[in-house]
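This report concerns only the one structure given below.
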Amino acid sequence: MSTWSRSVEQWGTWMAAVLGPAIVTAVLVNFSHQVQRDYVFIYLGLVAVVGVVRGLWPALACAAISFLLVDYFFVPPVGTFTIADEQDIVNLIAFLVTAGVVGLLTSRRRRTLLESEALTRQLRDANTQLLAYRIRTASVARAPLGSGDRPPDLAA
């Protein structure tokens, strides 16, 4: 992967982590629901997706931004970062911690997947090299040896 495409991918990753919660909020603000605080589960799903697809830091950024948006748009008094009810403080902190843990766990899954794919490539390459070596060895074993002939070199 080229440096340019890697930087575009990283830029897109952070855009998804930042814009994802904003898009979810823009959609959810238009729905009327008695307990709008229940929307946090949608944000948790978003954090999980970002964690699986992009890793820990984008997932944590997504969780923090989601936390702020939920507080501002769905927790009374709406439209401020002030929290009127103590239970809402506990709920928001629980959301932030849960989102952080979800981001951590999903990013570990992503890292494990990437490591297993790298190991698969290494094993495939080793298998290809072993097969080529066995073919060369078999051809050397079948080659007739004459007087003064020396067996071919296998290292080639």
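The table below lists the values:
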| quantity | calculated |
| --- | --- |
| Of all residues in the range 77-97 being outside any helix (DSSP H, G or I) and small (Gly, Ala, Ser), the one that is nearest to Tyr43 (Cα to Cα) | Gly79 |
| Candidate set from the range 95-109 (those that are surrounded by fewer than 17 Cβ atoms within 10 Å (Cβ to Cβ) and closer than 14 Å to Ala48 by Cβ); member that is farthest from the chain's Cα centre (by Cα) | Thr98 |
| Close pairs (9 angstrom Cβ cut-off, 6 or more residues apart or separate chains): in contact (Cβ under 8 Å) with a residue 60 or more places away in the chain and assigned to a helix (DSSP H, G or I) in the range 42-61, surrounded by fewer than 23 Cβ atoms within 10 Å (Cβ to Cβ) and hydroxyl-bearing (Ser, Thr, Tyr) anywhere | none |
| Residues of the range 1-11 classified as under 15 Å from the mean Cα position of the chain (by Cα) and either at pLDDT 80 or above or exposed (fewer than 10 other Cβ atoms within 10 Å of the Cβ) (or both), total | 1 |
| Some residue of the range 52-75 being more than 28 Å from Trp14 (Cβ to Cβ), surrounded by fewer than 19 Cβ atoms within 10 Å (Cβ to Cβ) and over 13 Å from the mean Cα position of the chain (by Cα) | no |
| Qualifying residue in the range 23-37 (condition: part of a helix (DSSP H, G or I), modelled with pLDDT under 80, of a type outside the set (S, T, N, Q) and under 24 Å from Val97 (Cβ atoms)) | yes |
| Search result, residues across the range 101-156 that are charged (D, E, K, R) and either modelled with pLDDT of 90 or more or part of a helix (DSSP H, G or I) (or both) | Arg108, Arg109, Arg110, Arg111, Glu115, Glu117, Arg121, Arg124, Asp125, Arg134, Arg136, Arg142 |
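The values are calculated or read from the model by the stated rules, or taken from the named source; none is laboratory data. Computed from a predicted structure; not experimentally measured. Methodologically, a virtual Cβ is constructed for each residue, glycine included, from the backbone with ideal geometry; neighbour enumeration extends over all protein chains shown.
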